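The values are calculated or read from the model by the stated rules, or taken from the named source; none is laboratory data. Everything quoted here is computed from the prediction, not taken from an experiment. Cβ atoms come from the backbone with ideal geometry, glycine included; neighbour counts cover every protein chain shown. When the accessible area is computed, the model is the full protein with side chains, heavy atoms only, and any ligands, DNA or RNA have been set aside. Shrake-Rupley method; radii C 1.70, N 1.55, O 1.52, S 1.80 Å.
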Amino acid sequence: MSPVHVKAVVIGGSAGSVEALTTLLSVLPEQYGIPVIAVVHLPPDSKSLLADILQPHCKLIVQEIEDKTPLLPGHVYLAPPDYHVLPESHNVLSLSAEEEVLFSRPSIDVLFETAADSFDGKVVGVVMTGANEDGARGLKKIIDAGGLGLIQDPATAYAPMMPRAAEAACPTAKLMTLSQIGEFLTHEVSSCR
Amino acid sequence: MTNTSEDMEISLLLEAIHRNYHYDFRGYAMASVRRRLKLARDRFGFRSYSQLQDHVLHDAAGLNAVLSFLTVQVSEMFRDPAYFRAVREKVIPHLRTYPSLKVWIAGCSSGEELYSFVIMFREEGLEDKTLFYATDISADALKKAELGVYDLSRIAQFSENYQKAGGKTSLSDYYTAGYGAVTFDKSLRRRVVFSDHSLATDAVFAEMQMISCRNVLIYFERDLQNRAIGLFSESLNRKGFLGLGAKESLRFTKHSDDFADFSKDERIYQKTGGA
């Protein structure tokens, strides 16, 4: 199978996803050529320590997003609490404080749908563990736009509702364990920047 | 339809809105504009942005509806309490030294941040010598700001923020409740000038000692951000203060040299050069 060429990897998760993200990111190599953008649902008033928690387990540079942060390979960009993340087609990340979507801000759907638009479908979406249905619509949009959808196998997820919803919305998406997703992103996906 | 032709239709729509109505969204961050216009298009049941453009150009009500999609009006009182605490504890001691003050709430939306400022200035004894300018491009938002009426369901959050921000009494001292809503006391508007003002097209209108513009610049692309910050720099007197949103900064902007960090974590800057 020839590698899929994309401009970014977008990842979303909710309940149990800090651990899940740690597992997944620990697989990616230091010279990983594709920018990774992740939304993890956290309480809105939390001063986000997620980057500090993840960094020791990840060979890439992990940072929280500020408005208009440039997208670079070798980096993992985390959504700040209480803001949506919207990638722009010229490879910067905008933030938005507009309404919650499915009671969530940041919203996985907003990240995925915007990434599908801005990168013209050249994107991989990953839905991980979670106890709501955020991400399903966005993943479908990515696949409809020509991108690739990966879902954490619900049987292996801390909270299976989110991956199940994504699976129902996207029957063609691949189900994998977190380390398989990490391996897939490493070997089967490459940058088209 | 491909994104390119869709983006072309969007830019034609924005051009049309600008040419006809002088609202300039052309420098706004595209990802959000695209998303908001898609919501508007789907709400009206149009298949394309060209249809939406036709509606906007031939119907003022259509324009207003689209504007309400394009102007994001989500805010809360004392949002990010640490910011307001820093204004109260670090900025206000400097502001006290002025005989009179002008404070600009740029992009005031429906007024939540404005009332937060007025309440804080009243509690610190500065209200009577301060003139507050509350500006926005949205007439609807300004109307809401002037009314000062908010849904009762939001008050618990506002009150919690107020306490965390160092509020000196109880937020309920400033409003009356009834019929599922609260109305903020009209005396809070005594020192406020509400005005239609666009950071994209209008100029500076007064010399300020403090400007608070939070979660407005995130909707702008870099050039428009530079324009807005240029206005702020021009408007502030030397040592005047600029407060931005928690995830906004002057880094990478053209005017970053005009300012120094004053309270870094809270994104409060102080103007260094100039008049």
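Miscellaneous remarks
- Of A:100, A:88, all but one fail to be among the charged types (D, E, K, R), open to solvent by less than 10 Å² (accessible area, probe 1.4 Å), facing chain B (nearest Cβ under 9 Å) and at negative phi; the exception is A:88.
- Filtered by the rule that a residue be closer than 20 Å to residue A:7 by Cα and open to solvent by less than 10 Å² (accessible area, probe 1.4 Å), the range A:129-143 gives A:135, A:138, A:139, A:142.
- Within the range B:175-196, the set of residues being buried (at least 20 other Cβ atoms within 10 Å of the Cβ) and of a type outside the set (Phe, Trp, Tyr) comprises B:182, B:188, B:189, B:192.
- Any hit, the range B:218-225, residues being touching a residue at least 40 places away in the same chain (Cβ under 8 Å), among the aromatic types (Phe, Trp, Tyr), open to solvent by 20 Å² or more (accessible area, probe 1.4 Å) and within 14 Å of another protein chain (Cβ to nearest Cβ): yes
- Of the criteria (1) open to solvent by less than 10 Å² (accessible area, probe 1.4 Å); (2) within 21 Å of residue A:34 (Cβ to Cβ); (3) away from chain B (no Cβ under 14 Å), which one residue A:187 fails: (1)
- Just one of the listed residues (A:72, A:49) is more than 21 Å from residue A:133 (Cβ to Cβ) and free of Cβ contacts under 8 Å to residues at least 24 places away in the same chain, namely A:49.
- In the set B:275, B:181, only one residue is at pLDDT below 95 and among the hydrophobic types (A, V, I, L, M, F, W, C); that residue is B:275.
- Helices (runs of 4 or more DSSP H) completely within the range B:29-75 that count 2 or more residues being open to solvent by 50 Å² or more (accessible area, probe 1.4 Å) and within 14 Å of chain A (Cβ to nearest Cβ): B:30-44
- Of the residues making up the range A:20-43, those that are surrounded by 16 or more Cβ atoms within 10 Å (Cβ to Cβ) and assigned to a loop (DSSP other than H, G, I, E, B) number 6.
- Look at the range B:228-253: where a residue is more than 28 Å from residue B:100 (Cβ to Cβ) and away from every other protein chain (no Cβ under 14 Å), no partner that is surrounded by 22 or more Cβ atoms within 10 Å (Cβ to Cβ) and not polar (S, T, N, Q) sits 6+ places away or on another chain with Cβ atoms under 8 Å.
- Selection count where residues are within 18 Å of the chain's Cα centre (by Cα) and either basic (Lys, Arg) or not assigned by TED's automatic domain parsing to the domain that holds residue B:129 (or both), scope the range B:148-190: 1
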